[in-house]
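Participant: I have a structure here, written as structure tokens, and I will follow up with some questions on it.
The values are calculated or read from the model by the stated rules, or taken from the named source; none is laboratory data. Keep in mind the model is a prediction, meaning the values are calculated, not measured. For neighbour counting, all protein chains shown are included, and Cβ atoms are generated from backbone atoms with ideal geometry for every residue, glycine included. The area values use the complete protein model at the heavy-atom level, side chains included, leaving out ligands, DNA and RNA. Shrake-Rupley method; radii C 1.70, N 1.55, O 1.52, S 1.80 Å.
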Amino acid sequence: MSRDPMALAEEYALVWDVRAPQGLADRLFAADVIDHNAQPGQGPGLDGVRQVIGVYHGAFPDLTVTADDVVASGDRIAVRWWATGTHHGDQLGVAATHRKVQLTGIDILRFADGRIVERWGEANGLELMQQITGPEA
């Protein structure tokens, strides 16, 4: 891997953040990237990644994401990330609740020619849905 793994992880976290610069996903992901943990209805490749980013930005228009830990090995990096946002849009059929939520996850990314070519990701979606639909704090 020719680039600094921490810099790559920070760019990966930023691509999900609403503050991401225009075109970051195009620079970071290969056009034919394989998402091994695609969201329901997600299309293939880079277009599918852009689609899911749009869904999250629509549901959480103030979404911020940070890379907390990074482990690199060969052509892969593992990123433990943390996200916060306010639920202002539909999320899996749940209308906006205007609740602030936190979510954590771990993604493993494989790089080739400086771009992400495969992604495996795990996030605590149940925790997210409980924050959205649970009793008021």
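Participant: Touching a residue at least 40 places away in the same chain (Cβ under 8 Å) and open to solvent by 20 Å² or more (accessible area, probe 1.4 Å), is that true of Asp62? Can you show your working first?
Facilitator: Details: touching a residue at least 40 places away in the same chain (Cβ under 8 Å): yes; open to solvent by 20 Å² or more (accessible area, probe 1.4 Å): yes.
Against the criterion (touching a residue at least 40 places away in the same chain (Cβ under 8 Å) and open to solvent by 20 Å² or more (accessible area, probe 1.4 Å)), Asp62 qualifies.
Participant: So is Val101 in contact with a helix residue (DSSP H, G or I) (Cβ under 6 Å, 6 or more places away or on another chain) and either at pLDDT below 90 or acidic (Asp, Glu) (or both) or not?
Facilitator: So Val101 does not fit the description; no.
Participant: Among the residues of the stretch 117-124, are any touching a Phe, Trp or Tyr at 6+ places or on another chain (Cβ under 6 Å), closer than 14 Å to Trp16 by Cβ, modelled with pLDDT of 95 or more and not in a helix (DSSP H, G or I)?
Facilitator: Looking only at the stretch 117-124, we keep the residues that are touching a Phe, Trp or Tyr at 6+ places or on another chain (Cβ under 6 Å), and these are none.
Within the stretch 117-124, not a single residue is touching a Phe, Trp or Tyr at 6+ places or on another chain (Cβ under 6 Å), closer than 14 Å to Trp16 by Cβ, modelled with pLDDT of 95 or more and not in a helix (DSSP H, G or I).
Participant: From the list Gly54, Gly48, Gly74, Gly114, pick out the single residue that is within 19 Å of Tyr12 (Cβ to Cβ) and touching a strand residue (DSSP E or B) at 6+ places or on another chain (Cβ under 7 Å). Step through it out loud before you land on a result.
Facilitator: On the way: Gly54 fails: touching a strand residue (DSSP E or B) at 6+ places or on another chain (Cβ under 7 Å); Gly74 fails: touching a strand residue (DSSP E or B) at 6+ places or on another chain (Cβ under 7 Å); Gly114 fails: touching a strand residue (DSSP E or B) at 6+ places or on another chain (Cβ under 7 Å).
Just one listed residue meets the conditions, Gly48.
Participant: Taking into account only those residues within the stretch 31-58 that are touching a helix residue (DSSP H, G or I) at 6+ places or on another chain (Cβ under 7 Å) and in contact (Cβ under 8 Å) with a residue 24 or more places away in the chain, which is farthest from His87 (Cα to Cα)?
Facilitator: Once the filter is applied, the top-ranked residue is Asp32.
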